[in-house]
Amino acid sequence: MKRTILFSVFVVFLAFALPPLLSVPGSSAAAPVPDKPVPTSAGTPAPADPPPAQLLADAAISVSLLSDAGIDEISMAEYLPLALAAEMPASFDSAALKAQAVALRSYALYWQSERKSAHPDADVCTSSACCTARTDLQSLRDSWGADFDAYYEKICAAVRETDGQYLVWQSEPALTVFHAASAGTTEFGAALGMDKAYLVSVGTPELGSNVRNLITTVEVAPEDFRTSILSVCPEAALSGAAETWLGQTQLTRSGRVESMTIGGQTLSGLALRQLFSLRSTDFTLTLRDGCFVFSVRGYGHGLGMSQHGANLMAQSGADYAEILQCYYPGTELVVAMRRS
């Protein structure tokens, strides 16, 4: 059964009500929902007799989470800190952590409404390859050591200070995907089958001088290169000199590799990234000194918010709302509300 709440716009942006998405734990009665959203903007007089409303905090929002142990119903307040700690370094600026907390909350609410075919009975899972990662307290204690108390409070503060806030596009939760780093520009969502108006290529401040390992290289001997290519594309003609194996490269609008011709066959940039364990599809491939050399820029799929970019923006004085608007242009930051 679909869970039901009512959302209204956060004070920084426009105010309006959103369609039902989830239920309030502990309550069997669904919150009343108007026939359609009633938008009101900041500074506009309120309706004559507005229905009473209450902020819907993370503690009152339920999330169904799939892990190795099965599916659990937990609150957003329980879900977010350990997801945030797994997805972004606690050493990052507080504004970046807040932006990440909002992105994680938005992501969970998006899939609560849409549901993934990979796990139709759960909103999100703990696999970073499918949804978002989530850690546990013992792992954090082992990782952070003497910094555990300070770092965990910093993580919890980022969640607490954005309580209930998420991004919407046309009154619906936004698909707030994110990645580690891009070199100069992010990717268009359409390049990876996520054709959303707010998932577009935007400028991002990462440089080789301000992000460690932004530029990486992978060297592959010709025989290993040949074996790897033939394992996924046995039709490739790789019997001649290695200098003749590489053909044309097709780029996406952001400059990443969409496809590459190798041995007369076309392989996608995504396939090559996976095959040779590249950090992104923003790469060039050359034959140099007898080896195939991938020069790779950035880390991740390139869609949505760049985490390192968010941190650099925060260090330059941007707040979390400005960071989110940069990487998800046109979305609105809202806060969950429930009609009483």
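The values are calculated or read from the model by the stated rules, or taken from the named source; none is laboratory data. Since the structure is predicted, the reported quantities are computational estimates derived from the model, not experimental observations. Please note: Cβ atoms are built from the backbone with ideal geometry, for glycine as well, and neighbour counts cover all protein chains shown. Keep in mind that these areas ignore ligands, DNA and RNA; they rest on the heavy atoms of the full protein, side chains included. Shrake-Rupley method; radii C 1.70, N 1.55, O 1.52, S 1.80 Å.
For the residue pair S171 and I71, what label-to-label distance in nm results when each label sits 7 Å from Cα along the Cα-to-beta-carbon direction?
That separation, rounded to one decimal, is 2.8 nm.
Rg/Rh for the range 134-271: what does it come to with C-alpha atoms and Rh from Kirkwood?
Working: Rg = 21.4 Å, Rh = 19.5 Å.
We get a ratio of 1.10 for the range 134-271.
Using a 1.4 angstrom probe, figure out how much accessible area the range 240-340 has per residue, in square angstrom, rounded to the nearest whole.
Here the residues of the range 240-340 average 43 Å² of exposed surface.
Tally up the carbon and sulfur contribution to the accessible surface of the range 230-271 as a whole percent, 1.4 Å probe, everything protein left in place.
About 49 percent, which is the carbon plus sulfur part of the accessible surface.
Given a 1.4 angstrom probe, what's the average accessible area per residue across the range 190-236, in square angstrom?
Result: 58 Å² per residue.
Would you calculate the separation in nanometres between label points at S228 and S94, each defined as 7 Å from the Cα along the Cα-to-beta-carbon direction?
4.4
Given a Förster radius of 45 Å and the C-beta distance between A242 and L137 as r, what FRET efficiency does 1/(1 + (r/R0)^6) yield to the nearest 0.05?
0.30
For the range 77-207, give the percent of accessible area contributed by carbon and sulfur heavy atoms, probe 1.4 Å, rounded to a whole number.
Carbon and sulfur together cover 48 percent of it.
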